[in-house]
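As structure tokens, the structure follows; a few thoughts come after it.
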Amino acid sequence: MSANLAAILYLVSGVLFIQALRGLSSPETARKGNLYGMAGMAIAILTTLLSIQLSFGALVLILGGLALGGTAGAVIARRIAMTAMPQLVAAFHSLVGLAAVFVAAAALYAPEAFSINNADGSLHMQSLIELSLGVFIGAVTFSGSVIAFAKLNGNMSGKPIMLPMRHFINLGLIGAAVVLVFMLGGTGGVGASAHTLFWALTIVAFVFGVLLIIPIGGADMPVVVSMLNSYSGWAAAALGFTLENTALLITGALVGSSGAILSYIMCKGMNRSFISVIMGGFGETAAAAEDDGVERTVKRGAAEDAAFIMKNAGKVIIVPGYGMAVAQAQHALKEMANLLKEEGVEVKYAIHPVAGRMPGHMNVLLAEADVPYDDVFELEDINSEFGSADVAFVIGANDVTNPAAEDDPSSPIYGMPVLQVWNAGTVMFIKRSLGAGYAGIENPLFFRDNTMMLLMDAKKMVEEINKAL
Amino acid sequence: MLAIATAVSVDPFVFRLAIFTLACFVGYFVVWSVTPALHTPLMAVTNAISSVIIVGALIAASAHAFMGSDAEVKAAFGMTRFFGFIAIALASVNIFGGFLVTQRMLAMYKKKG
């Protein structure tokens, strides 16, 4: 295939990727968009295969790699529980990062194969810098995502790990990386010393990625996942420059800006600056302010009480949080909504932007339980409706309903947009215990007169309510 | 004449930079129009498409040293093919896993009634 035809086909594949994201503007067009994405990928892979000289050995390697990875991917995609999506996405990010590291390594070891060498076999300085950027971002994405995966999957505590002098260590690592890139540039990318410098740079980036994520607390995980999404895109884009490949350039830019926008939305949802999330440590100090010695009483309720109130309500707004996902209560919840609808109750769902462990996580879980998406509303669309609701049914959420965010300037979450559930006639909280939320902050709503605490496992409680209905 | 001709030719890098910059803007506008309800599928599908990095891996896996290259170069090409194989396998996990899990999620989104 001629180089020009190949370049045009890569452009087509880039445009199809844009279409794939464009489709996600509504659930109706999204499925078609996904098919565009698959077509774009198929075109990119076939174009590459037709542009290179394939020996039998190479074909075995390529088909072997595709079969091995493809089977693993397909099996994972089929089996993964929707509650585990955040971990899966973190794991996928790490794979993109690692693939970027190996592609960059390949370009350094055999620049002739990628036609980025000078006549004497050395690499262009520009290619070396692009390649170094690609490997650095790729390696940071890899190790950072591995840590994010471990935290999300529970292999590692969600508590922030604060190393002493960590800012200096990080600055030192960045300095070391810059020096290594310069030294690599000095070798022209040729010989064993260039290879050693390359791997040294990779290791520095691995360490940097780990140190970047360990101080970030569990409550900030939605930002971390989005941020690593962005990095995986920038790594691809950097290599797109090295490989002079339009599809890679366009995709890298798309994914990079996508992750950046999601990080921004998540930060805004928590009223936190991106810098303060990166600096980490959120959720560590807040717990100290918990016990002020004042004995306060809560009104506890039973399933029958809750069922009675909701049956006689005109409008119920359900506020799901990560606790619902942990308890796997979404199917029982959907049944409850159906029972209430049969009684003539209007039922809606309200979703906070940072509910769950990643952007949009709650929506997927509700969709899995067959909740129609037009019953599900975003914070800004539904917040004014709590005043006209008889019941706000909070299941497994806490911090995102905390009024302290609006009226207590000393609260760590002050200024964060919250769902104003307290405007509803009755607020029902399903929780396992009276403990503080994920961010370690006490919720004053628990002690209000119109609040009813339903202290039990979310799934069991909803099932009992269903029985009583 | 020759000097003038080379002076006006633009480094191809600049064209790539232009594509990249414009694609960043396209990404910005396209992603803002994604409904928040589909942010999880968005992340899954971006995982899948960023694995288009597989094109680099395919080139690496098929790298051949020229005839008569010395042993060191041959060894480096051997490593390159190995790196390519690993990267193909890693990216394939994402390509198949990312698109299929997105499809699975999107199939669950249903309208009322």
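Enumerate the strands (runs of 3 or more DSSP E) found wholly within the stretch A:353-434, keeping only those where 1 or more residues are surrounded by fewer than 24 Cβ atoms within 10 Å (Cβ to Cβ) and facing chain B (nearest Cβ under 9 Å). Outline the logic, then answer.
Values: elements: A:376-378, A:391-395, A:426-431.
The qualifying strands (runs of 3 or more DSSP E) are A:376-378.
Among the residues of the stretch A:224-235, is any among the polar types (S, T, N, Q) and part of a loop (DSSP other than H, G, I, E, B)? Can you show your working first?
Restricting attention to the stretch A:224-235, the residues satisfying the condition of being among the polar types (S, T, N, Q) are A:226, A:229-230, A:232.
Next, from what is left, pick out any that are part of a loop (DSSP other than H, G, I, E, B): none.
Checking the stretch A:224-235: not a single residue is among the polar types (S, T, N, Q) and part of a loop (DSSP other than H, G, I, E, B).
Take A:Phe198 and tell me if it is more than 13 Å from chain B (Cβ to nearest Cβ), touching a residue at least 12 places away in the same chain (Cβ under 8 Å) and in a helix (DSSP H, G or I). Working first, answer last.
Numbers: more than 13 Å from chain B (Cβ to nearest Cβ): no; touching a residue at least 12 places away in the same chain (Cβ under 8 Å): yes; in a helix (DSSP H, G or I): yes.
For A:Phe198, the condition - more than 13 Å from chain B (Cβ to nearest Cβ), touching a residue at least 12 places away in the same chain (Cβ under 8 Å) and in a helix (DSSP H, G or I) - is not met.
Evaluate the following for A:Lys315: is it farther than 25 Å from B:Val45 by Cα, at pLDDT 90 or above and either surrounded by fewer than 16 Cβ atoms within 10 Å (Cβ to Cβ) or away from every other protein chain (no Cβ under 14 Å) (or both)? First the steps, then the outcome.
Values: farther than 25 Å from B:Val45 by Cα: yes; at pLDDT 90 or above: yes; either surrounded by fewer than 16 Cβ atoms within 10 Å (Cβ to Cβ) or away from every other protein chain (no Cβ under 14 Å) (or both): yes.
The answer is yes for A:Lys315.
What number of residues within the stretch A:24-38 satisfy the criterion of being more than 9 Å from every other protein chain (Cβ to nearest Cβ) and either touching a Ser or Thr at 6+ places or on another chain (Cβ under 7 Å) or in contact (Cβ under 8 Å) with a residue 24 or more places away in the chain (or both)?
Applying the first criterion (more than 9 Å from every other protein chain (Cβ to nearest Cβ)) to the stretch A:24-38 yields A:29, A:32, A:36.
This time we only want the ones that are either touching a Ser or Thr at 6+ places or on another chain (Cβ under 7 Å) or in contact (Cβ under 8 Å) with a residue 24 or more places away in the chain (or both), so: none.
Within the stretch A:24-38, residues that are more than 9 Å from every other protein chain (Cβ to nearest Cβ) and either touching a Ser or Thr at 6+ places or on another chain (Cβ under 7 Å) or in contact (Cβ under 8 Å) with a residue 24 or more places away in the chain (or both) number 0.
Check the stretch B:10-28 and report whether any residue there is surrounded by fewer than 14 Cβ atoms within 10 Å (Cβ to Cβ), part of a loop (DSSP other than H, G, I, E, B) and either facing chain A (nearest Cβ under 7 Å) or touching a residue at least 24 places away in the same chain (Cβ under 8 Å) (or both). Lay out the reasoning, then the answer.
Kept after step one, since they are surrounded by fewer than 14 Cβ atoms within 10 Å (Cβ to Cβ), are these residues of the stretch B:10-28: B:10-12, B:14-15, B:17-18, B:21-22, B:25.
Then keep just the ones that are part of a loop (DSSP other than H, G, I, E, B); that gives B:10-11.
Next cut, either facing chain A (nearest Cβ under 7 Å) or touching a residue at least 24 places away in the same chain (Cβ under 8 Å) (or both) only: none.
Taking every residue of the stretch B:10-28 in turn, none turns out to be surrounded by fewer than 14 Cβ atoms within 10 Å (Cβ to Cβ), part of a loop (DSSP other than H, G, I, E, B) and either facing chain A (nearest Cβ under 7 Å) or touching a residue at least 24 places away in the same chain (Cβ under 8 Å) (or both).
Taking into account only those residues within the stretch A:96-114 that are without any contact (Cβ under 8 Å) to a residue 40 or more places away in the chain and within 7 Å of chain B (Cβ to nearest Cβ), which is surrounded by the fewest Cβ atoms within 10 Å (Cβ to Cβ)? Show your work before the answer.
To start, the set of residues in the stretch A:96-114 that are without any contact (Cβ under 8 Å) to a residue 40 or more places away in the chain comprises A:99, A:102, A:106, A:110, A:112-113.
Add one more test, that the residue is within 7 Å of chain B (Cβ to nearest Cβ), and what stays is A:99, A:102, A:106, A:110, A:113.
Numbers: A:Ala99: 34, A:Phe102: 26, A:Ala106: 29, A:Ala110: 25, A:Ala113: 23.
Across the stretch A:96-114, the extreme among qualifying residues is A:Ala113.
If we scan the stretch A:164-184, do we find a residue that is within 14 Å of another protein chain (Cβ to nearest Cβ) and at pLDDT 90 or above? I'd like the intermediate steps shown before the answer.
Just the residues of the stretch A:164-184 that are within 14 Å of another protein chain (Cβ to nearest Cβ), to begin with: none.
No, every residue in the stretch A:164-184 fails to be within 14 Å of another protein chain (Cβ to nearest Cβ) and at pLDDT 90 or above.
Taking A:Gly154 and the conditions (1) touching a residue at least 24 places away in the same chain (Cβ under 8 Å); (2) closer than 20 Å to A:Ala91 by Cα, which numbered condition does it fall short on, given that it satisfies the others?
Going through (1) touching a residue at least 24 places away in the same chain (Cβ under 8 Å); (2) closer than 20 Å to A:Ala91 by Cα one by one, A:Gly154 breaks only (1).
Could you look through the stretch A:39-52, keep only residues that are more than 7 Å from chain B (Cβ to nearest Cβ) and of a type in the set (Val, Ile, Thr), and pick out the one that is nearest to the chain's Cα centre (by Cα)?
The qualifying residue nearest to the chain's Cα centre (by Cα) is A:Ile43.
Going by the structure shown, is A:Gly172 without any contact (Cβ under 8 Å) to a residue 60 or more places away in the chain and either on the phi > 0 side of the Ramachandran plot or in contact with a helix residue (DSSP H, G or I) (Cβ under 6 Å, 6 or more places away or on another chain) (or both)?
On the way: without any contact (Cβ under 8 Å) to a residue 60 or more places away in the chain: yes; either on the phi > 0 side of the Ramachandran plot or in contact with a helix residue (DSSP H, G or I) (Cβ under 6 Å, 6 or more places away or on another chain) (or both): no.
Against the criterion (without any contact (Cβ under 8 Å) to a residue 60 or more places away in the chain and either on the phi > 0 side of the Ramachandran plot or in contact with a helix residue (DSSP H, G or I) (Cβ under 6 Å, 6 or more places away or on another chain) (or both)), A:Gly172 does not qualify.
Kindly evaluate A:His331 against the criterion of being surrounded by fewer than 24 Cβ atoms within 10 Å (Cβ to Cβ) and touching a Gly at 6+ places or on another chain (Cβ under 8 Å).
Details: surrounded by fewer than 24 Cβ atoms within 10 Å (Cβ to Cβ): yes; touching a Gly at 6+ places or on another chain (Cβ under 8 Å): no.
Here the answer is no, as A:His331 does not meet what is asked.
May I ask you to verify whether B:Ala91 is touching a strand residue (DSSP E or B) at 6+ places or on another chain (Cβ under 9 Å) and within 7 Å of chain A (Cβ to nearest Cβ)? Talk me through it step by step, then tell me what you get.
Details: touching a strand residue (DSSP E or B) at 6+ places or on another chain (Cβ under 9 Å): no; within 7 Å of chain A (Cβ to nearest Cβ): yes.
It is false that B:Ala91 is touching a strand residue (DSSP E or B) at 6+ places or on another chain (Cβ under 9 Å) and within 7 Å of chain A (Cβ to nearest Cβ).
In the stretch A:103-120, which residues are out of contact with any Leu (no Cβ under 7 Å at 6 or more places or on another chain), of a type outside the set (Asp, Glu) and part of a helix (DSSP H, G or I)?
The initial filter retains those residues of the stretch A:103-120 that are out of contact with any Leu (no Cβ under 7 Å at 6 or more places or on another chain), namely A:105-106, A:109-110, A:112-113, A:115, A:118-120.
Those left that are additionally of a type outside the set (Asp, Glu): A:105-106, A:109-110, A:113, A:115, A:118-119.
If the condition is that a residue be out of contact with any Leu (no Cβ under 7 Å at 6 or more places or on another chain), of a type outside the set (Asp, Glu) and part of a helix (DSSP H, G or I), then A:Ala105, A:Ala106, A:Tyr109, A:Ala113 are the ones that fit.
Taking the criterion of being assigned to a loop (DSSP other than H, G, I, E, B) and more than 7 Å from chain A (Cβ to nearest Cβ), would at least one residue in the stretch B:69-82 satisfy it?
Keep residues of the stretch B:69-82 that are assigned to a loop (DSSP other than H, G, I, E, B), which gives B:69-70.
Applying the additional criterion that residues be more than 7 Å from chain A (Cβ to nearest Cβ) yields B:69-70.
Among the residues of the stretch B:69-82, at least one is assigned to a loop (DSSP other than H, G, I, E, B) and more than 7 Å from chain A (Cβ to nearest Cβ), which makes the answer yes.
The values are calculated or read from the model by the stated rules, or taken from the named source; none is laboratory data. Since the model is a prediction, treat every value here as computed from it, not as a measurement. Cβ coordinates were reconstructed from backbone atoms using ideal geometry, including for glycine residues, and neighbour counts include every protein chain displayed.
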